[in-house]
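> For reference, the structure I am asking about is given below.
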Amino acid sequence: MQEYITLVQLQQRIRGAVDGSFPAPVWVRAEIHEMRDNGNGHCYLTLVEKGSGRDLFSAKVSAVIWRSRRSLVEAAFRQGTGRRLESGMTVLVLVRVQYSEVYGMSLSIEDIDPAFTLGEVELARQRTLERLRREGMLDMNSTLPLCRLPRRFALITSETAAGYGDFMSHLYDNGYGFRFHTRLYRAPMQGPAAPEGIIAAMDAVMADVEAGERYDAVLILRGGGAVADLACFDDYDLAVNIAQFPLPVMVAVGHERDTHICDMVAARSVKTPTALADLIVNAFIEEDASLSSIADRLRSSVALKMDNLRLRLEQAGRRLAAGTEVRCRLERNRTDMLLMRMRKAVSLRAGNELNGLDMLKLRVVSGTALRIHAESGKLDMLELRIRKGDPVAMLRPGIAYVLRDGIAVDSVSALAPGDRVDLMLHDGTARCLVESAGCKEKSGR
């Protein structure tokens, strides 16, 4: 009769071999394929090692974190990595190998090394960065032109995301009256579903742009959170969509200490949504200050030019008046000398009797004298007209030029309450504020 052993004996020998081979816990590297909670507080996992294909397993085993150690193991892992245990994560676990005659072999997890997981995450991140660099994606979006004063934004975030409310408050309650247009495109901002949700929101933005909507930039907003919550912003597919997006993308995700791949491929990146709102508002504040400075310089330049023109007018008026007076005096002197010579000549030729020829000459002389007096009168009239046309003389007491922004105002209808005008008087200029302005009504029959 063939010798045999019972199934229990076989299982006992296997358990003995396992116990003998692994008398103490060992560190094992594996990927968490599945995780599920048990009602009794235990956590059951399926650990795998993948082969050449993503769906091919080289090895697979069941594992458990017993309730008595679960809280300690998970707390230590979260503190060390900032992440929760989840499917798809590669971990280094300290396991005790167990074999049961009924349930077969399983691994009891006693500890998890957070440093190993951090290294794996950083390694995957560096691989993603290197791939994006090879494909020329890192600087692609930053080459798109971003207008100096952007006003219209597509916001990709969740209404419940940390920092969204602060962003809206800082943007709209800016204290300067600057106006903006924003439209919310909702998307999950953490967890495995976040990259796909953000990409879908970006597709919705492009659909609206193609339908006629106009945006200056797309903003991706999320406040701070745990490292695990923000890991989705290191996703390769999301980074590619941001890099290739036809509008400038501005990213504000995380705290000061966080830098994500999405930050690196975006056209502009700041650390918090509040900082992004301040960046936008500050662009308008700087532009407003620049315009005010230009206006001040322009006013000073116009005032200086007006002063120079006024001085030139005064000098020209004085030269014109002096020249006219001298010319008139010279003409009078010449006229007086001519009359004197003519009278002297007439007296010398006068005799006891004046023949007809002498009388004729006398009449000619008299007519000449009258003509000279007439010309002298014309010169006096010319002097009076020149004096009336003198710009300085026109600005006598009671008369003023009204200037607004250096331009003469010829009608009260050109003025409005609140305008600032300059009154140019004969002895200087006064800056005035218009309180009211209105045309005088004309009565008609």
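> Determine the gain in length on full extension of the stretch Arg385-Leu7; use 0.36 nm per residue of separation and subtract their C-alpha separation, reporting nm with one decimal. Intermediate results must be reported in sequence, preceding the final value.
Values: separation 378, 0.36 × 378 = 136.08 nm, distance 13.82 nm.
Gain in length upon complete extension: 122.3 nm.
> Let me ask something additional. Given 0.36 nm per residue, what is the gain on full extension from Ile14 to Ala75 after removing their alpha carbon distance, in nm? Show your work: numbers first, answer last.
Working: separation 61, 0.36 × 61 = 21.96 nm, distance 3.47 nm.
Extra length available between Ile14 and Ala75 comes to 18.5 nm.
> Continuing with the same structure: To the nearest 0.05, how large is the calculated FRET efficiency for Arg96 and Leu123 if R₀ is 30 Å and r is the Cβ-Cβ distance?
Working: r = 28 Å, r/R0 = 0.93.
FRET efficiency, Arg96 to Leu123: 0.60.
> What FRET efficiency comes out for Asp237 versus Glu130 if R0 is 25 angstrom and r is the Cβ-Cβ distance? Round to the nearest 0.05.
Working: r = 16 Å, r/R0 = 0.64.
Once the sixth-power term is evaluated, E becomes 0.95.
> Points 7 angstrom from Cα along the Cβ direction at Ala115 and Glu196: gap in nanometres?
The two pseudo-label positions are separated by 3.6 nm.
> In nm, to one decimal, how far is the Leu291 label point from the Glu325 one, both placed 7 Å along Cα→Cβ?
Between Leu291 and Glu325, the label points sit 5.2 nm apart.
> Taking 7 Å along the Cα-to-C-beta vector as the label spot, tell me the Arg318-Leu370 distance in nanometres, rounded to one decimal.
Modelled inter-label distance: 4.4 nm.
> Hey, how many Å between the Cα centroid of region 284-319 and the Cα centroid of region 102-177?
53
> Hey, another quick one. Using only alpha carbon pairs under 8 Å that are at least six residues apart, calculate the relative contact order of the chain and give it in whole percent. List each step's numbers first, then the result.
Details: 628 pairs, mean separation 43.7, N = 445.
Over the chain, the number comes to 10 percent.
> If you don't mind, there's one more thing I want to ask. Based solely on its DSSP helices, what 222 nm [θ] is calculated for the chain when runs of n ≥ 4 H residues each add -39,500 (n - 2.57) and the sum is averaged over all residues, nearest 500 deg cm²/dmol? Write out the running numbers ahead of the final one.
Details: 11 runs with 209 residues, N = 445.
Taking each H run of at least 4 residues, the total per residue is -16000 deg cm²/dmol.
> Please compute the length gained on full extension between Leu423 and Asp336, using 0.36 nm multiplied by the number of residues separating them and subtracting their Cα-Cα distance. Before the final figure, lay out the partial values.
Values: separation 87, 0.36 × 87 = 31.32 nm, distance 4.64 nm.
The span from Leu423 to Asp336 would gain 26.7 nm if fully extended.
Quick note: the coordinates plus some simple rules give every number you see, no bench work behind them. All values derive from a computational prediction rather than experimental measurement. Because the Cβ atoms are built from the backbone with ideal geometry, glycine has one as well, and the counts that use them run over all protein chains shown.
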